[in-house]
Amino acid sequence: MEICVIAFKNNISERIAKLLPIKNKYYLPSTESEIRNFQISNNVFVLGLGQYSGKDNDKLRIETICKNKFRNKLIDENRKSEYLISTQINPGVESKNACGIGNSYCNLLSYLIASKNQNYAFIHIPKNFDIETAVREIKILCQRFLHDS
């Protein structure tokens, strides 16, 4: 299965995405309208990357749930309250499962994609995480997924 990466512009996720050996990459600004208008094929595995600035920042965070909330308002009144995501990716040495995606741009992107595409995962990258370590870990996670699919 083909993989594509979506990262947010002007943060660590964009810098890491540019270093990944994946052909299809998209860089989105952190704006509601750009995220809502973004379209992606359902025939690919989509890996979303975003920056994380919380306390729990020792590893890459493979987010497992996205919710129907953007800034405390419903994203879509006609859809489920939450979706399981990242079910195809298992944590490695430098990553862990997490369920704290929040209700801002990372969650909005994840919810909109997961509502249409079950082949979706999202990784939060701590903003001060070592870039080489992150690239190496994401490569391993993607290789493991491709090998298992």
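The values are calculated or read from the model by the stated rules, or taken from the named source; none is laboratory data. Predicted, not measured: the structure shown is a model, and the values here were computed from it. FYI the Cβ positions are ideal-geometry reconstructions off the backbone, even for glycines, and counts take in every protein chain you see. The area values use the complete protein model at the heavy-atom level, side chains included, leaving out ligands, DNA and RNA. Shrake-Rupley method; radii C 1.70, N 1.55, O 1.52, S 1.80 Å.
Things to note:
- As a summary of the residue check, ILE62 satisfies the conditions (1) crowded, with 19+ Cβ neighbours inside 10 Å; (2) in a loop (DSSP other than H, G, I, E, B) except for the one numbered (2).
- Among the residues of region 22-53, those identified as in contact (Cβ under 8 Å) with a residue 40 or more places away in the chain and among the charged types (D, E, K, R) are GLU32, ARG36.
- Against the list (1) assigned to a helix (DSSP H, G or I); (2) aromatic (Phe, Trp, Tyr); (3) open to solvent by 10 Å² or more (accessible area, probe 1.4 Å), the condition PHE129 fails is (1).
Each row is one residue, and each column tells you yes or no for (1) outside any loop (DSSP other than H, G, I, E, B); (2) of a type in the set (Phe, Trp, Tyr); (3) open to solvent by 50 Å² or more (accessible area, probe 1.4 Å).
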{"residue": "GLY54", "(1), (2), (3)": "no, no, no"}
{"residue": "VAL93", "(1), (2), (3)": "no, no, yes"}
{"residue": "LYS96", "(1), (2), (3)": "yes, no, no"}
{"residue": "GLY100", "(1), (2), (3)": "no, no, no"}
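- Answer from PHE38, PHE70 - the residue that is of a type in the set (A, V, I, L, M, F, W, C), within 24 Å of ILE12 (Cβ to Cβ) and surrounded by fewer than 16 Cβ atoms within 10 Å (Cβ to Cβ): PHE38
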